[in-house]
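Let me begin by presenting the structure, written as structure tokens, before commenting on it.
The values are calculated or read from the model by the stated rules, or taken from the named source; none is laboratory data. Nothing here was measured: the structure is a model prediction, and the numbers come from that model. Please note: Cβ atoms are built from the backbone with ideal geometry, for glycine as well, and neighbour counts cover all protein chains shown. The protein model used for the area step is the full one, side chains on, heavy atoms only, and it has no ligands, DNA or RNA in it. Shrake-Rupley method; radii C 1.70, N 1.55, O 1.52, S 1.80 Å.
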Amino acid sequence: MSNRLRYLLIAAIAALVALFWADVSRADVDTLLKPADVSTVTISPDGEHLAMVRSDGSKDTLVIFKRPTMSVVQGVNSAAGERFANITWANNNQVLIEPAKDLGAAQKPRPTGAILSLAIDGSKKRFLKPNAQTSQLETAIVSILPNDLTQVLIAAHSLCDPAVCSPEEAAIRRLVKLNLSTGQKTAAAPALPIQAYYVSDPTGKQLMATGRTDDNRVHVYHMRDGGWAEVTSFDPITDLGTVPLAIDRGGKVFALANKVGTASLYEWDLASDETTEIHRGSGSDIDNVVMSYGGRKLLAVRSDPGYASWYHLEQGHPFTAIHNALLANFPEGDVDVTSFTADGSEAVIRVYNDRNSGDFYSVNTTTGQSTLLATSRPWLPATALARVEPVEFETRDMFTLRGYVTTPTSSGPHPMVVWIHDNPTTSRATGELNTEVQLLADRGFAVLQINYRGSGGLGQYYSASGAEKDGQIIQRDIADATEWAIEQNITTADKVCVYGRGYGAFAAVKALATNIEMFRCAVAIDGIYDLNADFEMPEDPTLTPQNLLAVPTLLDFADKKRSPVNRVFNIESPVLLLGDSEQTTYMREALEETEKQVDWSAGSDEAGDYEKILAYLTTQLQGEDAVEEAPSSFGATLTPQQRLAFQEIREEMRAATKQLGKQRAY
């Protein structure tokens, strides 16, 4: 398809969707929260087939198409409540599937640990059963072993006899070669005593592993003489670390290291233990890589300080020219690669931005000719969504904070929601399409997403700067970001609420108690509120090079007396709590016992919950305050003596609630 024809097709689709959208005054909640119709498309090694994951809202379906007719060859549905998170062509005839538990529109699906397969002839296999205790990996497929298409190298769990090993031992992953015909697993390396992610060259002979022990120390191993030899270990809090990223077919080891503040790309000579810098991440850690088919060659790496910045390792490589042309062709978006054919002549790319979760194209890497294959959310035209702009500003102590501002299409200032991200040290707010943020913007709210100090992905200094016992740095960042938005006329001082889930809910409720009278309300979803009770750490547990370089701080979790349940006496603004956990119950009871304004929902229906959130924010931020003249039936105002008496009663009430907080703290 020519570029002109492609543009005409896209324009036609956009026009049809826009006509539909024009009849709707505002987006329906279900429309914005609906999962992507197409989440990924990959091409087979011989280029003869495409594998596409589609969703109908309740389940995923993997469909295999025959090219060029695009006739359906095979398909299989996910189990109820699951998504197909990763799909990998093991060879020309077989697709490996890694399911994940669906956690809703606002959260990333959680891998189940299972590996399934679907073949072109319709045969289905389960190579690895689910295991909720095993480590989470971006993918358990370590290498497809392109020179031996009968096997793949995987990080497998549940390899010991359940009669003699503990559940913890069964959860440990180890490297095995998986026979794609028989399902037989053959050990490729001895077991390590810790959970690890693995890196292999395309032959499966050069192997490395990286994991973290209970003391948060990171250990890196290299396979030598049939056993694992430790190459290095480091404490991410105090040390400069190096972790393996990829090994190409020539045996060259590429690594990430935080020697210059951000996780940057290095070549690692294991014999001399010397590293040579190749590319320094532009204001952020390297967060994405493009490898040729089978991991034979590292082609490009990306950093994202607010916009995608790609570095290509070989300027003369055909992919470099094509990729640069594609990036220029889609200036408002990023261009990622889902897969290559074995000979590298064709690739499937994904084009996406802040208002588009992905359009998939097949691209001829020689001619540059591209063909539109699928649009992930055809019912969401970019013109109907709010633009997300990267911002940065200085705090009161001259630290440069980063984040994103999303504003409605109407003129401002707007009522604003300060959106605090979860998973503090292993994730951050990004400029990709966020349906939760778009839902708020659609209802007239500006949204300020803050990458507070401690956020991941922006370098070790940025992350480590949030490590303070009482958490006041993060609370100051929230306050300073809000003040900045007011100064920029994005909002006004009396029209701001704070919003978060998980750690974000923890910080949101604390913001009411710390920055008294700054926020009109807080919306807190599935949060942690009592640090003396049981809770799960709000960190992304996925073993990745980036996460293992991250500073594993607990931020303001160290001081249990500063739990939000112990700070209720300072809260003056209303709170909406969503969730049915014990933590939510503790917070609700603490607010009710001190006669604070609190609304609560168990949070059983996602669309219904968002309707409640939107209605609540509308009441708090967009409602008119009733102003009436004093009726004549009022009596006399209080005398100075009466005001003093009531002030004493007020102080007694504050002392009583403060004592209640102390009792809860121990």
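Can you list the strands (runs of 3 or more DSSP E) lying wholly within segment 192-252 that have 2 or more residues being at pLDDT 95 or above and under 28 Å from the mean Cα position of the chain (by Cα)?
Qualifying strands (runs of 3 or more DSSP E): 196-200, 207-212, 218-224, 242-247.
Under 9 Å between Cβ atoms, at least 6 apart or on separate chains: pull out the pairs that start in segment 48-68 with a residue that is at positive phi and end on any residue that is at pLDDT below 95.
Here the result reads 57/30; 57/34; 57/35, each pair linking segment 48-68 to a residue that is at pLDDT below 95.
Restricting attention to segment 210-241, which residues are surrounded by 14 or more Cβ atoms within 10 Å (Cβ to Cβ), out of contact with any Leu (no Cβ under 8 Å at 6 or more places or on another chain) and β-branched (Val, Ile, Thr)?
Matches in segment 210-241: 220, 232, 237.
Give the residue that is nearest to residue 222 (Cα to Cα), with candidates limited to residues of segment 156-171 that are open to solvent by less than 80 Å² (accessible area, probe 1.4 Å) and in contact (Cβ under 8 Å) with a residue 24 or more places away in the chain.
Ranking the candidates gives 156 first.
Return yes or no: is residue 603 out of contact with any helix residue (DSSP H, G or I) (no Cβ under 8 Å at 6 or more places or on another chain), open to solvent by 30 Å² or more (accessible area, probe 1.4 Å), assigned to a loop (DSSP other than H, G, I, E, B) and modelled with pLDDT under 95?
Working: out of contact with any helix residue (DSSP H, G or I) (no Cβ under 8 Å at 6 or more places or on another chain): no; open to solvent by 30 Å² or more (accessible area, probe 1.4 Å): yes; assigned to a loop (DSSP other than H, G, I, E, B): yes; modelled with pLDDT under 95: yes.
Considered against the rule, which asks whether it is out of contact with any helix residue (DSSP H, G or I) (no Cβ under 8 Å at 6 or more places or on another chain), open to solvent by 30 Å² or more (accessible area, probe 1.4 Å), assigned to a loop (DSSP other than H, G, I, E, B) and modelled with pLDDT under 95, residue 603 comes out as no.
Quick check on residue 336: is it more than 24 Å from residue 435 (Cβ to Cβ), modelled with pLDDT of 95 or more, of a type outside the set (A, V, I, L, M) and surrounded by fewer than 21 Cβ atoms within 10 Å (Cβ to Cβ)?
Criteria not met by residue 336.
Is it true that residue 398 is of a type in the set (A, V, I, L, M, F, W, C) and open to solvent by 40 Å² or more (accessible area, probe 1.4 Å)?
For residue 398, the condition - of a type in the set (A, V, I, L, M, F, W, C) and open to solvent by 40 Å² or more (accessible area, probe 1.4 Å) - is met.
Pick out the one residue from 415, 424, 390 that is open to solvent by 50 Å² or more (accessible area, probe 1.4 Å) and in contact (Cβ under 8 Å) with a residue 60 or more places away in the chain. Break it down stepwise before answering.
On the way: 415 fails: open to solvent by 50 Å² or more (accessible area, probe 1.4 Å); 424 fails: open to solvent by 50 Å² or more (accessible area, probe 1.4 Å).
Among 415, 424, 390, only 390 is open to solvent by 50 Å² or more (accessible area, probe 1.4 Å) and in contact (Cβ under 8 Å) with a residue 60 or more places away in the chain.
Got at least one residue in segment 354-361 being within 26 Å of the chain's Cα centre (by Cα) and of a type in the set (Asp, Glu)?
yes
Give me a count of the residues in segment 145-173 that are within 26 Å of the chain's Cα centre (by Cα) and either under 30 Å from residue 297 (Cα atoms) or of a type in the set (Asp, Glu) (or both).
6
Within segment 34-52, can you find the residues that are among the small types (Gly, Ala, Ser) and part of a strand (DSSP E or B)?
39, 51
Does residue 500 satisfy the criteria of being outside any helix (DSSP H, G or I) and within 28 Å of residue 256 (Cβ to Cβ)?
Judged against the criteria, residue 500 is not a match.
Sort out which residues of segment 286-311 are among the hydrophobic types (A, V, I, L, M, F, W, C) and more than 16 Å from residue 264 (Cβ to Cβ), and write them in order of number.
290, 291, 299, 308
Tell me, which residue of segment 485-497 that is open to solvent by less than 20 Å² (accessible area, probe 1.4 Å) and outside any loop (DSSP other than H, G, I, E, B) is farthest from residue 440 (Cα to Cα)?
Across segment 485-497, the extreme among qualifying residues is 485.
Of everything in segment 428-485, what is among the hydroxyl-bearing types (Ser, Thr, Tyr) and more than 22 Å from residue 416 (Cβ to Cβ)? Give them in sequence order.
461, 462, 463, 465
Just to verify a result, which residue in segment 273-292, among those that are farther than 17 Å from residue 207 by Cα and outside any strand (DSSP E or B), is most open to solvent (accessible area, probe 1.4 Å)?
Among them, the one singled out is 280.
How many residues does segment 344-387 contain that are in contact (Cβ under 8 Å) with a residue 12 or more places away in the chain, open to solvent by 20 Å² or more (accessible area, probe 1.4 Å) and in a loop (DSSP other than H, G, I, E, B)?
The qualifying residues number 10.
Which numbered condition in (1) closer than 19 Å to residue 507 by Cβ; (2) part of a loop (DSSP other than H, G, I, E, B); (3) of a type outside the set (D, E, K, R) is the only one that residue 412 fails?
(1)
Any residue in segment 92-101 that is open to solvent by 10 Å² or more (accessible area, probe 1.4 Å) and closer than 26 Å to residue 168 by Cα?
Yes, the conditions are met somewhere in segment 92-101.
How about segment 567-605: which of its residues are charged (D, E, K, R) and more than 16 Å from residue 527 (Cα to Cα)?
Hits for segment 567-605 are 572, 592, 593, 595, 596, 605.
Looking at 42, 69, 31, which is the one that is modelled with pLDDT of 90 or more, open to solvent by less than 70 Å² (accessible area, probe 1.4 Å) and of a type in the set (Val, Ile, Thr)?
That would be 42, the only listed residue that is modelled with pLDDT of 90 or more, open to solvent by less than 70 Å² (accessible area, probe 1.4 Å) and of a type in the set (Val, Ile, Thr).
Would you mind stating whether residue 272 is free of Cβ contacts under 8 Å to residues at least 40 places away in the same chain and polar (S, T, N, Q)?
Yes, satisfied.
For residues that are of a type in the set (A, V, I, L, M, F, W, C) and open to solvent by 20 Å² or more (accessible area, probe 1.4 Å), tally how many sit in segment 401-412.
Total meeting the criteria: 0.
Give segment 313-343 a look and list any residue that's out of contact with any Pro (no Cβ under 9 Å at 6 or more places or on another chain), hydroxyl-bearing (Ser, Thr, Tyr) and outside any strand (DSSP E or B), or say none.
Once the filter is applied, which keeps residues that are out of contact with any Pro (no Cβ under 9 Å at 6 or more places or on another chain), hydroxyl-bearing (Ser, Thr, Tyr) and outside any strand (DSSP E or B), segment 313-343 yields only 320.
I'd like the residue in segment 514-571 that is in contact with an Asp or Glu (Cβ under 7 Å, 6 or more places away or on another chain), at pLDDT 75 or above and closer than 18 Å to residue 424 by Cα and, out of all such residues, is surrounded by the most Cβ atoms within 10 Å (Cβ to Cβ).
Here the answer is 563.
Are any residues in segment 426-457 at pLDDT below 90 and either assigned to a strand (DSSP E or B) or more than 13 Å from residue 507 (Cβ to Cβ) (or both), and if so, which ones?
Matches in segment 426-457: 426, 427, 456, 457.
Would segment 76-86 turn up any residue that is closer than 27 Å to residue 156 by Cα, free of Cβ contacts under 8 Å to residues at least 24 places away in the same chain and assigned to a strand (DSSP E or B)?
yes
Is there a residue being in a loop (DSSP other than H, G, I, E, B), in contact with a Pro (Cβ under 7 Å, 6 or more places away or on another chain) and of a type outside the set (Lys, Arg) anywhere in segment 158-169?
Scanning segment 158-169, I find no residue that is in a loop (DSSP other than H, G, I, E, B), in contact with a Pro (Cβ under 7 Å, 6 or more places away or on another chain) and of a type outside the set (Lys, Arg), so the answer is no.
Between a residue in segment 135-146 that is part of a strand (DSSP E or B) and surrounded by fewer than 22 Cβ atoms within 10 Å (Cβ to Cβ) and any residue that is acidic (Asp, Glu) and modelled with pLDDT of 90 or more, which pairs come within a Cβ distance under 8 Å, given they are 6 or more apart or on different chains?
From segment 135-146, the pairs are 141/98.
Restricting the search to segment 293-312, which residues are open to solvent by 30 Å² or more (accessible area, probe 1.4 Å) and in a loop (DSSP other than H, G, I, E, B)?
Listed by number, the residues that qualify are 296, 297, 307, 308.
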